[in-house]
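The values are calculated or read from the model by the stated rules, or taken from the named source; none is laboratory data. Bear in mind the structure is a predicted one, so any value in this text is a computation, not a measurement. With ideal geometry, Cβ positions are generated from the backbone for all residues, glycine too; neighbour counts draw on all protein chains shown.
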Amino acid sequence: MKSLITITSLIISMCIGVTLYSQSPGATPAAMFLQMQTDARTAAMGGVHNISAPGCFNVFYNPSADLFSTYKFGFGAGASYRNEFPEHKLFSIAGYSKAGDKNLIALGIRYYNYPKTELFDNNNILTGYSKPNELSFDLGYARKIGNKLSISAVGRYIYSHMDDNNKAGFAIAADFGITYMTPLNFKDREGAYWSIAASTLNFGSKLKYSNRNFNLPTSIGFSSTLHLPLSTNHQITTTGSINYPVFTSASSAVELGLGAEYKVYKLLSLRAGYHISDADKGFGSYPTVGLGVDLFGIKADLSYWPAATTEREFRNYILLSLSTPFVFF
């Protein structure tokens with residue numbers, strides 16, 4: 001545990017130093033799609049990235065947790081839908097592959113689609129249409145240190161095309177993660193574990209357009225997971241996660257998520273949680289719900305946010321993800 005604290009402190013201090021040099025405290029960040037959920041399981045359990053449990057989408061948050069997965073390979077795809085803004089969609093593809101028990105490679109792509117916008121000339125005459133979109137490409141590596149500790153690093157390229165009248169913006173960023181997981185020796189509770197993790201997200205350059213530069217949504221995350229099998233066919237998992245923005249602004253706030261999952265017969269999962277944040281700067285406070293089904297090695301997960309924030313944009317927010325972990329590669 002002392003090693004976990006020491007390594008985490010060094011990583012966070014280094015990342016903050018680099019980002020203070022390259023970004024502007026207090027400025028409004030861009031590319032906010034990087035903060036959105038890609039995994040419906042996590043979204044249903046409080047709506048904040050759970051970085052302390054294995055999952056196919058962890059390349060976006062903390063791939064070091066996947067070294068504790070019982071699966072050697074995993075692949076996932078996700079898509080979101082907003083009732084009030086149906087043309088705003090996030091699509092994601094991610095996966096990981098272990099190389100032995102100590103090493104892991106992870107890949108991921110996110111694509112955010114905006115609605116079509118009209119373009120006008122100086123005389124206010126319609127000249128055409130623009131289709132804004134944003135992309136991120138992620139490549140990560142994780143390494144296990146001993147039996148209970150793992151670390152990871154992710155490189156990220158961000159592309160942002162918001163206006164046909166200006167050149168697209170781009171940025172380069174990095175994530176660093178660390179996970180500590182230990183089995184719990186409870187009688188008749190084989191497979192029980194507790195984990196804790198920390199990660200730094202989107203530390204890097206500004207998002208550079210032809211006429212202006214913007215900060216990235218840089219943040220630090222902490223999570224903890226407790227997994228308790230009640231019997232062979234019944235399991236409970238509880239999670240707590242916090243995402244802290246490094247630079248506060250009018251559109252960023254601390255996000256806290258608490259959640260629980262009940263899994264029965266390794267087939268059906270029922271999930272619920274609660275998200276806590278500032279209603280003006282963040283996403284507000286609201287309940288989250290979801291369910292998952294495991295069939296023939298494919299996991300289908302669905303999450304629903306019935307009333308997020310005092311604004312309309314994340315009310316009736318739906319996220320669907322499909323994932324396929326394999327024991328062999």
Checking Ala272, Ala279, Ala260 in turn, the sole residue that is assigned to a loop (DSSP other than H, G, I, E, B), under 22 Å from Ala43 (Cα atoms) and of a type outside the set (Asp, Glu) turns out to be Ala279
Residues satisfying the stated conditions in the stretch 150-171, i.e. farther than 23 Å from Phe222 by Cα, within 18 Å of the chain's Cα centre (by Cα) and hydrophobic (A, V, I, L, M, F, W, C)
Ile158
How many residues, within the stretch 271-307, are free of Cβ contacts under 8 Å to residues at least 24 places away in the same chain and among the aliphatic types (A, V, I, L, M)?
3
Among the candidates Tyr111, Tyr180, residue that is surrounded by fewer than 18 Cβ atoms within 10 Å (Cβ to Cβ), touching a strand residue (DSSP E or B) at 6+ places or on another chain (Cβ under 9 Å) and not hydrophobic (A, V, I, L, M, F, W, C):
Tyr111
Name the pairs: first residue in the stretch 165-181 and within 20 Å of Ala31 (Cβ to Cβ), second residue among the β-branched types (Val, Ile, Thr) and not in a strand (DSSP E or B), Cβ to Cβ under 7 Å, at least 6 apart or on different chains?
Phe176/Ile11; Gly177/Ile51
If we scan the stretch 221-231, do we find a residue that is surrounded by fewer than 15 Cβ atoms within 10 Å (Cβ to Cβ) and part of a strand (DSSP E or B)?
yes
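Among the residues of the stretch 34-75 satisfying the criterion of being among the charged types (D, E, K, R) and farther than 17 Å from His227 by Cα, which is surrounded by the most Cβ atoms within 10 Å (Cβ to Cβ)? Don't jump to the end; show me each part of the working.
Just the residues of the stretch 34-75 that are among the charged types (D, E, K, R), to begin with: 39, 41, 66, 72.
Filter again for farther than 17 Å from His227 by Cα, leaving 39, 72.
Working: Asp39: 25, Lys72: 17.
Looking at the filtered set, the residue picked out is Asp39.
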Among the listed residues Glu87, Glu118, identify the single one that is over 30 Å from Leu149 (Cβ atoms) and assigned to a loop (DSSP other than H, G, I, E, B).
Glu87
Within the stretch 116-125, identify whether any single residue is modelled with pLDDT of 85 or more and exposed (fewer than 15 other Cβ atoms within 10 Å of the Cβ), and answer yes or no.
no
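Output the residue which, of all residues in the stretch 46-64 that are more than 16 Å from Ile93 (Cβ to Cβ) and modelled with pLDDT of 95 or more, is nearest to the chain's Cα centre (by Cα). Even if it seems obvious, please write down each step before you answer.
Within the stretch 46-64, the subset more than 16 Å from Ile93 (Cβ to Cβ) is 46-54, 62, 64.
Filter again for modelled with pLDDT of 95 or more, leaving 62, 64.
Numbers: Asn62: 8, Ser64: 13 Å.
Top of the filtered list is Asn62.
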I need the full set of residues from the stretch 282-305 which are part of a loop (DSSP other than H, G, I, E, B) and within 18 Å of Ile242 (Cα to Cα), in order please.
Gly282, Phe283, Gly284, Ser285
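For the stretch 30-64, enumerate the residues that are aromatic (Phe, Trp, Tyr) and in a loop (DSSP other than H, G, I, E, B). Before you say what the answer is, go through the steps one by one.
First, pick out the residues of the stretch 30-64 that are aromatic (Phe, Trp, Tyr): 33, 57, 60-61.
Hits for the stretch 30-64 are Phe57, Tyr61.
Counting only residues that are of a type in the set (S, T, N, Q) and farther than 22 Å from Ala198 by Cβ, how many does the stretch 141-178 have? So that I can check it myself, show each step before the final result.
Step one: filter the stretch 141-178 for residues of a type in the set (S, T, N, Q), giving 147, 150, 152, 160, 165-166.
In the following step, the residues that additionally are farther than 22 Å from Ala198 by Cβ were identified as 160, 165-166.
Number of matching residues: 3.
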Quick test of your reading of the structure: Ala174 fulfils all but one of (1) over 17 Å from the mean Cα position of the chain (by Cα); (2) of a type in the set (A, V, I, L, M, F, W, C); (3) modelled with pLDDT of 95 or more. Name the failing condition by number.
(1)
Give me a count of the residues in the stretch 177-220 that are farther than 23 Å from Ser130 by Cβ, within 24 Å of the chain's Cα centre (by Cα) and not in a loop (DSSP other than H, G, I, E, B).
21
If you take the residues of the stretch 126-143 that are among the charged types (D, E, K, R) and within 21 Å of the chain's Cα centre (by Cα), which of them is surrounded by the fewest Cβ atoms within 10 Å (Cβ to Cβ)?
Arg143
Can you confirm whether the stretch 6-16 contains a residue that is surrounded by 16 or more Cβ atoms within 10 Å (Cβ to Cβ), modelled with pLDDT under 90 and among the hydroxyl-bearing types (Ser, Thr, Tyr)?
yes
Just one of the numbered conditions (1) surrounded by 16 or more Cβ atoms within 10 Å (Cβ to Cβ); (2) modelled with pLDDT of 90 or more; (3) in contact with a strand residue (DSSP E or B) (Cβ under 6 Å, 6 or more places away or on another chain) is not true of Asp294; which one?
(3)
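Taking Phe85 as the residue in question, decide whether it is at pLDDT below 90, more than 20 Å from the chain's Cα centre (by Cα) and within 18 Å of Gln35 (Cα to Cα).
Details: at pLDDT below 90: yes; more than 20 Å from the chain's Cα centre (by Cα): yes; within 18 Å of Gln35 (Cα to Cα): yes.
The answer is yes for Phe85.
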